[in-house]
Amino acid sequence: MDIQTIVQQVLEELEKGTTKRPETSQQEESQADQTFTYQKQKVVRVDHPVDREVIERARAITPARIGIGRTGTRMKTKEYLDFRIDHAAAQDAVFKGVSEEFLDKMKLPVLQSKSESMDEYLMNLDSGRRLNEESKKWAEDNLSKNKQVQIIVSDGLSSTGIEENISDLLPALIQGLEGKNISHGETVFIKRSRVWIQDEIAEITNCDVVISLIGERPGLATSKSISAYLIYKPGDDTVEADRTVISNIHDGGIPPVEAGAYLADLLEDVLKHKVSGVKYAKLK
């Protein structure tokens, strides 16, 4: 089987949303493995570069697609296929949802925003900012009240980010809070929720600080990143500047275990100063 046939089959399968690989010989399998090794090593693929060392240094400090070379006015075949794979991973992160197996493993109560579908979630921002009536009633009846910290986990725009990071981040965060004798309520998972839903949870639980661990909008560099938004005693006059955010939490950014420990320290400081967001930043 020649390389043009293989590439054509891969493109057709990507269009169909499948991951089945075309049949290849042992030699072709070896060549495919070598190609992916080159990608991980960020090999410069510009033909006859004027200064290869400069390109290598630039590639070493960014996940951006630079130094990938071109054929005429287009990307080379391998780079184009890599682009399509990363784009598919980003789409999956948004649309596939956090698995029931993961939620069962984490033993998190599952609540639901007013978004009935992902399409509604993406098109109607307000639908993700409030709990639906059933979840609101459950939260009022079951969540602990008057704790210092309430933790929310949300799929947001990256279910992949949640599944990749929460199992390490959440235990580190809770351990850090307990080591500091900071009280916290039961962590909840809220499907298709946005950051502002933390205001309603804070109102229901009467906590001092509410923190949301939420999937970030995926990019082509990574689809596995999450952010932590926290706010001290939100109210009717709350604005975005009142929230403190720590972003880029994933293995290639802030490692999840390290992020959990850091967030515990941050929450302790916010509780001490009784302020978050821009007002908190001005104190530092």
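The values are calculated or read from the model by the stated rules, or taken from the named source; none is laboratory data. Since we're looking at a predicted model, the values are computed, not measured. Here the Cβ is made from the backbone with ideal geometry for all residues, glycine too, and neighbour counts use every protein chain on show. Note: areas computed on protein heavy atoms with side chains; ligands, DNA, RNA excluded. Shrake-Rupley method; radii C 1.70, N 1.55, O 1.52, S 1.80 Å.
Within the stretch 235-254, take every residue that is at pLDDT 95 or above, crowded, with 16+ Cβ neighbours inside 10 Å and of a type outside the set (Lys, Arg) and give me the one that is nearest to residue 155 (Cα to Cα).
Taking the candidates together, the pick is 246.
Residue 98 is checked against (1) closer than 21 Å to residue 143 by Cβ; (2) at pLDDT 85 or above; (3) not acidic (Asp, Glu) and fails just one. What number does that condition carry?
Failed condition: (2).
Take residues that are more than 29 Å from residue 62 (Cβ to Cβ) and tell me which of the strands (runs of 3 or more DSSP E) falling wholly in the stretch 174-262 contain 3 or more.
In the stretch 174-262, the matching strands (runs of 3 or more DSSP E) lie at 188-191, 209-215.
Identify the residue in the stretch 107-128 that is open to solvent by 60 Å² or more (accessible area, probe 1.4 Å) and under 14 Å from residue 139 (Cβ atoms) and, among all such residues, is nearest to the chain's Cα centre (by Cα).
Once the filter is applied, the top-ranked residue is 110.
Which one of these is surrounded by 15 or more Cβ atoms within 10 Å (Cβ to Cβ) and within 16 Å of the chain's Cα centre (by Cα): 258, 216?
Only one candidate qualifies: 216.
Can you give me the number of residues within the stretch 266-284 that are touching a helix residue (DSSP H, G or I) at 6+ places or on another chain (Cβ under 7 Å) and not hydrophobic (A, V, I, L, M, F, W, C)?
The number of residues fulfilling the criteria is 4.
Out of all the residues in the stretch 232-276, which are among the β-branched types (Val, Ile, Thr) and free of Cβ contacts under 8 Å to residues at least 40 places away in the same chain?
The answer is 238, 239, 244, 245, 246, 254.
Evaluate the following for residue 279: is it open to solvent by 70 Å² or more (accessible area, probe 1.4 Å), part of a loop (DSSP other than H, G, I, E, B) and either β-branched (Val, Ile, Thr) or in contact (Cβ under 8 Å) with a residue 24 or more places away in the chain (or both)?
Criteria not met by residue 279.
Can you list residue pairs whose Cβ atoms sit under 7 Å apart, with the first residue in the stretch 196-207 being farther than 13 Å from residue 137 by Cα and the second being open to solvent by less than 10 Å² (accessible area, probe 1.4 Å) and assigned to a helix (DSSP H, G or I)? Count only pairs 6 or more apart in sequence or on different chains.
If the second residue must be open to solvent by less than 10 Å² (accessible area, probe 1.4 Å) and assigned to a helix (DSSP H, G or I), the pairs left are 197/128.
If I go through the stretch 117-136 residue by residue, how many of them are in contact (Cβ under 8 Å) with a residue 40 or more places away in the chain, farther than 15 Å from residue 201 by Cβ and among the hydrophobic types (A, V, I, L, M, F, W, C)?
2
Quick one: is residue 64 at pLDDT below 80 and outside any loop (DSSP other than H, G, I, E, B)?
So residue 64 does not fit the description; no.
Going by the conditions given, is residue 146 within 29 Å of residue 117 (Cα to Cα), open to solvent by 10 Å² or more (accessible area, probe 1.4 Å) and modelled with pLDDT of 95 or more?
no
Within the stretch 182-189, does at least one residue satisfy the condition of being hydroxyl-bearing (Ser, Thr, Tyr), open to solvent by 10 Å² or more (accessible area, probe 1.4 Å) and under 13 Å from residue 97 (Cα atoms)?
Taking every residue of the stretch 182-189 in turn, none turns out to be hydroxyl-bearing (Ser, Thr, Tyr), open to solvent by 10 Å² or more (accessible area, probe 1.4 Å) and under 13 Å from residue 97 (Cα atoms).
Considering each residue of the stretch 137-186, count those that are farther than 28 Å from residue 251 by Cα and touching a residue at least 12 places away in the same chain (Cβ under 8 Å), and give that number.
Final tally of qualifying residues: 11.
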